[in-house]
1. Scan the range 439-448 and give yes if some residue there is on the phi > 0 side of the Ramachandran plot and open to solvent by 10 Å² or more (accessible area, probe 1.4 Å), otherwise no.
2. Collect the residues in the range 337-388 that are charged (D, E, K, R), in contact (Cβ under 8 Å) with a residue 60 or more places away in the chain and farther than 30 Å from residue 23 by Cβ, keeping them in residue-number order.
3. Any idea which of 309, 297, 271 is farther than 25 Å from residue 348 by Cβ, among the small types (Gly, Ala, Ser) and out of contact with any strand residue (DSSP E or B) (no Cβ under 8 Å at 6 or more places or on another chain)?
4. Give me the pairs: first residue in the range 392-415 and polar (S, T, N, Q), second residue part of a helix (DSSP H, G or I), beta-carbon distance under 8 Å, and six or more apart or on different chains, which are they?
5. Residues that are at pLDDT 95 or above, out of contact with any strand residue (DSSP E or B) (no Cβ under 6 Å at 6 or more places or on another chain), in a loop (DSSP other than H, G, I, E, B) and on the phi < 0 side of the Ramachandran plot: does the range 88-95 have at least one?
6. Pairs under 6 Å by beta carbon, first residue in contact (Cβ under 8 Å) with a residue 24 or more places away in the chain in the range 467-487, partner surrounded by 17 or more Cβ atoms within 10 Å (Cβ to Cβ) and basic (Lys, Arg), six or more apart or different chains?
7. Applying the selection to the range 1-33, what residues are at pLDDT 95 or above, open to solvent by 30 Å² or more (accessible area, probe 1.4 Å) and more than 30 Å from the chain's Cα centre (by Cα)?
8. Testing residue 134 on (1) open to solvent by less than 10 Å² (accessible area, probe 1.4 Å); (2) out of contact with any helix residue (DSSP H, G or I) (no Cβ under 6 Å at 6 or more places or on another chain), one condition comes back false. Which one is that?
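The values are calculated or read from the model by the stated rules, or taken from the named source; none is laboratory data. Just so you know, these numbers come straight off a predicted model, no measurement behind them. Here the Cβ is made from the backbone with ideal geometry for all residues, glycine too, and neighbour counts use every protein chain on show. Accessible surface areas use protein heavy atoms only, side chains included; no ligands, DNA or RNA. Shrake-Rupley method; radii C 1.70, N 1.55, O 1.52, S 1.80 Å.
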Amino acid sequence: MSSPASQDHLVIRLHPNDDVVIATRQLMSGTRIASEDLVVSGLIPPGHKIATRAIAAGAPVKRYNQVIGVARADIARGQHVHVHNLGMAEFAREHAFGADVHPTAYVPEPASFMGIRRDDGRVATRNYIGILTSVNCSATVARAIADHFRRDVHPEALADYPNVDGVVALTHGLGCGIDMHGEGIGILRRTLAGYALHANFASVLFVGLGCETNQIEGVLEAGGLRGDAPKLRSFTIQDSGGTRKTVERGIAMVREMLADANRATRVSVPAAHLVVGLQCGGSDGYSGISANPALGAAVDRLVRHGGTAILSETPEIYGAEHLLTRRAVSREVGEKLLARIAWWQEYCARNHAALDNNPSAGNKAGGLTTILEKSLGAVAKGGTTNLVEVYEYGEPITAKGFVFMDSPGYDPVSATGQVASGANLICFTTGRGSAYGCSPAPSLKLATNTALWERQEDDMDINCGGVVDGTDAIDALGEKIFRTMLDCASGTRSKSELLGYGQNEFVPWQVGVIT
């Protein structure tokens with residue numbers, strides 16, 4: 001990944017062919033931009049676009065040397081380019097499958113981190129006991145069991161188990177009133193099974209109500225799990241005799257699991273065991289300039305060290321998917337990606353929605369205008385290596401390298417799917433200041449701008465705003481992010497972990513009819 005094509009202290013130009021530059025700070029009308037030989041006309045907020053040439057109504061507008069929309073009206077040189085004069089546009093995209101595929105330059109001596117090697121060879125970055133629910137009706141019971149082991153409330157409960165990171169209850173609002181054979185229950189079961197199998201759980205307790213559509217046995221079958229697996233226990237409220245007895249039973253079962261979980265120790269393992277989910281939320285006009293390409297540079301390093309990175313949020317690659325199909329290792333992989341885009345177009349159509357409903361209000365306030373612009377910045381998280389495979393939501397990821405997993409753009413839903421697929425670390429870029437964590441996988445937060453870092457430092461792990469300020473280069477930040485990934489995977493707690501995020505952010509993707 002490279003730094004911006006040019007930059008002075010007021011604006012950033014990303015490509016010589018672009019029709020716009022990006023303001024690095026608020027610019028008043030009459031401000032002269034020496035590098036572009038133009039005068040600003042009107043107030044330009046930080047992160048927003050300024051036209052560098054006259055653009056006729058109906059003409060395409062380029063950023064990143066890619067189309068981000070069409071002019072709604074004539075735009076004069078020096079004017080603000082945003083939602084009032086730039087609109088969504090459909091345009092033909094040449095997918096050129098595999099045109100940019102190139103051999104991966106694997107490093108001769110891969111990096112390592114201090115991971116937890118499970119008996120079956122899987123490697124964990126954290127060591128939790130998990131409590132999962134088959135249905136919303138068992139959520140309160142699951143939370144009550146986990147609360148008994150909260151270190152901040154009952155420090156004595158885990159005092160003898162220092163190697164256990166905690167007991168977490170991951171609850172949801174689904175599980176009944178759902179078609180037993182439909183797409184929705186299939187996704188839910190795949191997600192729950194993925195969590196039950198996750199390396200970051202030493203053991204798992206499954207709690208159900210008893211009469212729900214989503215029976216625990218169906219979840220276990222979906223994941224190829226056995227009900228008598230030694231590190232997986234399950235029971236229901238109805239069979240246990242009600243709420244109080246179920247909570248007592250669950251607490252007793254967790255106590256039985258703790259001694260075995262505490263035997264886990266960290267050992268040096270290759271970086272190839274790191275599976276990183278890539279997220280961006282609360283994006284702004286700087287996301288595609290600083291944090292996303294810097295994360296992409298870290299991803300390139302991870303892949304060269306043998307690891308895996310997962311790009312997702314399908315609605316937020318729409319309009320930029322042609323850049324990914326060019327990197328697909330085969331036509332089949334590229335066609336899989338386009339098939340997911342087609343599914344989303346049909347899904348939106350049947351629900352009377354549109355993919356260009358994105359960006360959000362906060363994204364627009366931060367300088368983004370169309371989904372095309374947002375997507376072009378979002379794909380930068382994926383670096384430059386080959387796209388080796390495409391997966392459905394929560395599907396187990398077996399390939400090494402850069403992969404794609406289908407998901408909504410809504411961050412909790414998307415990251416939940418990535419963890420279900422096997423991600424043992426999340427890297428999350430933000431320009432507006434998202435608050436997020438993702439138990440049992442730690443989540444690192446990357447700020448796109450220094451103002452956010454200074455305002456919300458308690459939530460942010462790395463400041464990428466130096467790219468905008470002109471004090472940091474993309475490649476150097478990529479190295480810093482990669483090393484921070486290894487440190488976090490080795491046990492260093494992220495800001496979101498320190499703040500207690502992770503349990504409430506478990507949100508399986510809900511599709512289909514609820515009756």
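1. So far as the range 439-448 goes, no, none of its residues is on the phi > 0 side of the Ramachandran plot and open to solvent by 10 Å² or more (accessible area, probe 1.4 Å).
2. Filtering the range 337-388 for residues charged (D, E, K, R) gives 340, 346, 350, 356, 364, 373-374, 381.
From the residues that got through so far, the ones that are in contact (Cβ under 8 Å) with a residue 60 or more places away in the chain too are 340, 356, 364, 373-374, 381.
Scanning the range 337-388 gives a single hit, 340.
3. Details: 309 fails: out of contact with any strand residue (DSSP E or B) (no Cβ under 8 Å at 6 or more places or on another chain); 271 fails: out of contact with any strand residue (DSSP E or B) (no Cβ under 8 Å at 6 or more places or on another chain).
The unique qualifying residue is 297.
4. Listed by first residue and then by second, the contacts come to 407/314; 407/413; 407/414; 407/417; 407/418.
5. No: the range 88-95 contains no residue that is at pLDDT 95 or above, out of contact with any strand residue (DSSP E or B) (no Cβ under 6 Å at 6 or more places or on another chain), in a loop (DSSP other than H, G, I, E, B) and on the phi < 0 side of the Ramachandran plot.
6. 482/301
7. Within the range 1-33, 16, 17, 28, 29, 30, 31, 32 meet the criteria.
8. If we test residue 134 against (1) open to solvent by less than 10 Å² (accessible area, probe 1.4 Å); (2) out of contact with any helix residue (DSSP H, G or I) (no Cβ under 6 Å at 6 or more places or on another chain), just (2) comes out false.
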